[in-house]
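Novice: First the structure, which I've put down as structure tokens, then a few questions once you've had a look.
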Amino acid sequence: MEVPPPLVLKRSLYVPNKTLMGPGPSNCSQRVLSSLSNPVLGHLHPECLQIMDEIKEGIKYIFQTLNDATMCISGSGHAGMEAALCNLIEDGDIVLLASTGIWGHRAAEMAKRYGGDVRYVEGRFGRSLSIDEIEFAMEGHKPQILFVAQGDSSTGILQSNLKEIGELCRKHNCLFVVDTVASLGGTEFCMDEWLIDVAYTGSQKVLGAPPGITPISFSKRAIKHVVERKTKVKVYYFDVLLIGQYWSCFGSPRIYHHTISSTLLYGLREALAQFCAQGLREVIHRHQQCSYRLQQGIKELGLEMFVPNSRDRLPTVNTVKVPVGIDWRKVADYTMRKYNLEISGGLGPTVEHVFRIGLMGENATVERVDLVLNVLHEAIQSTKLNNINEKSKI
């Protein structure tokens, strides 16, 4: 053997403690972190299956659904998007993407690979889509599937009219897919009441679990559509009928589908338990109050929110305009270097234009809001001073 063991792996592992105030992941609670040190279980051990059953009930609560086909996908939030689209789309199906940022376009890239005929309805820059805009697009394109991100983390836009969109989808016999990765837990979401056919979220956002395991739920209407497909689901790994059997969703004996991470199950189970103990209404209220406090503080600092209409603002990922003449990277580097505090820049259409400040889970507290406001102000002032000093040297 000519390849020697790498020297870097002879060093002890070091992981710094950072305050994650970006668009995700968020910091995990000590209860969640402690759960990850439990012994690894086999993916078909009865104790592991019991934990999966408990997680399933927790997911139904946070989605506000009674759907039998409620489970987790082993993968990040992107895996939820893939699973939603690859199960529903067959070649030639018209898929309408309601876009208020990057995620409608990301879903479109996936939909094309599954044979979807992709169409768009685009929101104006910094604004959500009105029900009239969506209805006009549906009448013109006549889609089989409509995709909407309830909260787009690239722009900080909240699509708050999902109930009306759900009714519209039933009227047009269209399946309704909603991405709640960045929104669930920070704003109201009622899957059954709003007639949503597929919803998924991110474990690492408001829930405060590690990334890598994605809660997802399919309505009976969506499952009927999958069962009646003319062709097989194109990705075996994301086939909801197979994953659903592993999660005991359909009343049939469990099957082996893949080796799930038992440690990720522990973390998600404990995160859901904490969430349930606090109560859904209380968690949502806390996130909204923290976002309001942040927005008021931003105004007091002489800064401006990117989304002009307060009703369109996502409480969990708050977008703040970068002041003229300020390099956002220097601000973000300062907050990380001096305070180990993460503030992110824009993504997709907001690159170079905004700071993205996450208020999720453990980080949605008055203390964390005040911390990020103080540090942001200090970082901007320091950057301005450095700019003046650099100009004086020229």
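Novice: Could you run the Karplus curve 6.51 cos²θ - 1.76 cosθ + 1.60 with θ = phi - 60° over the range 213-226 and give me ³J(HN,Hα) per residue in whole Hz, x for Gly and Pro?
Specialist: Values, residue by residue: 9, 10, x, 8, 9, 10, 6, 4, 4, 5, 5, 4, 4, 5 Hz.
Novice: Counting only other residues whose beta carbon sits under 15 Å from that of Ala277, what net charge do I get with K and R as +1, D and E as -1?
Specialist: -1
Novice: Please report the antiparallel percentage of DSSP beta bridges with both residues in the chain, rounded to the nearest 5. Before the final figure, lay out the partial values.
Specialist: Numbers: 20 of 41 bridges.
Percentage antiparallel, nearest 5: 50.
Novice: Amide H neighbours of Leu175 under 5 Å, at least 5 residues apart or on other chains, H built in the peptide plane: list them.
Specialist: Result for Leu175 returns Ile145, Leu146.
Novice: Could you sort Tyr266, Tyr256 by their accessible area in this structure, using a 1.4 Å probe and putting the largest first? Provide the component values of the computation, followed by the final result.
Specialist: On the way: Tyr266 20, Tyr256 125 Å².
Output order, biggest surface exposure first: Tyr256, Tyr266.
Novice: Picking from Leu184, Leu49, Leu359, which is most flexible by a Gaussian network model of the chain using Cα springs under 10 Å?
Specialist: Leu49
Novice: Taking just the alpha carbons, could you work out the radius of gyration and Dmax for the range 85-201, both in angstroms?
Specialist: 12.7, 36
Novice: Compute the helix-to-body angle for 328-339: its Cα long axis versus the longest principal axis of the chain, expressed 0 to 90° and rounded to tens.
Specialist: The helix 328-339 is inclined about 80 degrees to the chain.
Novice: Strictly under 4.7 angstrom between C-beta atoms: which cysteines of the chain have no such partner?
Specialist: Unpaired cysteines in the chain: Cys28, Cys48, Cys72, Cys86, Cys190, Cys249, Cys276, Cys290.
Novice: Restricting to DSSP H runs of at least four residues, report the calculated mean residue ellipticity at 222 nm for the chain, -39500 (n - 2.57) per run over all residues, nearest 500 deg cm²/dmol. Show your work: numbers first, answer last.
Specialist: Working: 12 runs with 162 residues, N = 394.
Mean residue ellipticity at 222 nm (helix-derived): -13000 deg cm²/dmol.
Novice: Using alpha carbon centroids, what distance separates the range 326-362 and the range 1-48, in Å?
Specialist: Here the answer is 24 Å between Cα centres.
Novice: I've got another one for you. Which aspartates and glutamates does Lys205 reach when only Cα atoms under 12 Å apart count, and residues fewer than 8 places away in its own chain are ignored?
Specialist: Answer for Lys205, where 12 Å is the Cα cut-off: Glu362, listed by chain and number.
Novice: What does the accessible area of His105 come to, in Å² to the nearest 10, when a probe of 1.4 Å is used?
Specialist: So the heavy atoms of His105 present about 70 Å² to solvent.
Novice: Would you mind pulling out the separation of the Cα centroids of the range 364-394 and the range 145-206, in Å?
Specialist: What the calculation gives is 36 Å, centre to centre.
Novice: Starting from the Cα of Asn386, step 7 Å toward the Cβ, then list every residue of the range 339-359 with an amide N under 20 Å from that point.
Specialist: Hits in the range 339-359 for Asn386 at 20 Å: 339-346, 352-357.
Novice: On each of the three principal axes of the Cα atoms of the range 324-394, give max minus min coordinate, whole Å, ordered largest first.
Specialist: Principal extents (largest minus smallest coordinate, Cα): 46, 28, 18 Å.
Novice: Can I ask one more? Between Leu241, Thr316, Leu268, whose Cα lies farthest towards the positive end of the dipole of the range 217-332 when Lys and Arg beta carbons carry +1 and Asp and Glu beta carbons carry -1, centred on the Cα centre?
Specialist: Value: Leu241.
Novice: Quick one: which residues, 5 or more positions from Ile157 or on another chain, have an amide H under 5 Å from its amide H? H modelled 1.01 Å from N in the peptide plane, none for Pro or chain starts.
Specialist: Asp152, Leu314
Novice: A further question on this structure: What percent of all Cα-Cα pairs in the chain falls in each 20 Å bin, counting up from 0?
Specialist: 27, 54, 18, 1
The values are calculated or read from the model by the stated rules, or taken from the named source; none is laboratory data. Since the model is a prediction, treat every value here as computed from it, not as a measurement. Counting neighbours? That spans all protein chains shown, and the Cβs are built from the backbone with ideal geometry, glycine included. For accessibility, only protein heavy atoms count, side chains too; no ligands or nucleic acids. Shrake-Rupley method; radii C 1.70, N 1.55, O 1.52, S 1.80 Å.
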